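Inspection log for the structure reproduced underneath, given as structure tokens.
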């Protein structure tokens, strides 16, 4: 897959790294976390039926490694998912092994709550790869046990399908698109609370893509020039080392399906 970057993202990359170079000299860590987890994603019946034409969606298990930290200059975050672990590379009918990964960084702008924001997300399976890159700005708001971070950035995409016959087998409907793909806006939000003497937390991540390029997708599969993607999750933390999670996963005109999709995710997490 060729490395391609659009001119708008190239300019914002330069600005981002100028900000970063001015803040990394004396880094002080404020907090850090890391975990491994086992997860099972269960698509709703309606979602499975809607995806029959554009790329069949199957329930799957996945293993995740996750970590991040907060510093006086900003934050770092990343994860690696191995979907259908132990399966073969053949992803026909969505049953093959896949990997998904994300890296995100924010860089504080002087002594304000504004940050430069950037993330790279990639999914890879047999016959298909797609990388999404976003660069822009975020605002960091923290108050007691509440955290909210909205962001807005330029969106760049590099996607590649090996051969047309592998489009369906890849579990996606994209035929491949390289270049600028509009804007992405979204937020991260978390709340920690206690109920019946037990510690819980709520977390919500959301992304909306707007003004997408008309050539993004295949045969008009994403006729809408916007798409939505996210998840709401509730976590029970009975012990420091363990967490149980229930997530509601949703997407609209994303993930290779031109309609609304949703699923439940069940998680057992071990905090390192």
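The values are calculated or read from the model by the stated rules, or taken from the named source; none is laboratory data. Values in this document were obtained by computation on a predicted structure and should not be read as measured data. With ideal geometry, Cβ positions are generated from the backbone for all residues, glycine too; neighbour counts draw on all protein chains shown.
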Within segment 260-272, tally of residues that are more than 19 Å from the chain's Cα centre (by Cα) and part of a strand (DSSP E or B): 3
Residue that is farthest from the chain's Cα centre (by Cα), among those in segment 231-249 that are at pLDDT 95 or above and surrounded by fewer than 18 Cβ atoms within 10 Å (Cβ to Cβ): 236
Matching residues in segment 164-213 - criterion: being modelled with pLDDT under 80 and part of a loop (DSSP other than H, G, I, E, B): 167, 168, 169, 170, 171, 172, 173, 174, 175, 176, 177
Residues of segment 118-149 that turn out to be surrounded by fewer than 16 Cβ atoms within 10 Å (Cβ to Cβ), in contact with a strand residue (DSSP E or B) (Cβ under 8 Å, 6 or more places away or on another chain) and not in a strand (DSSP E or B), as a count: 1
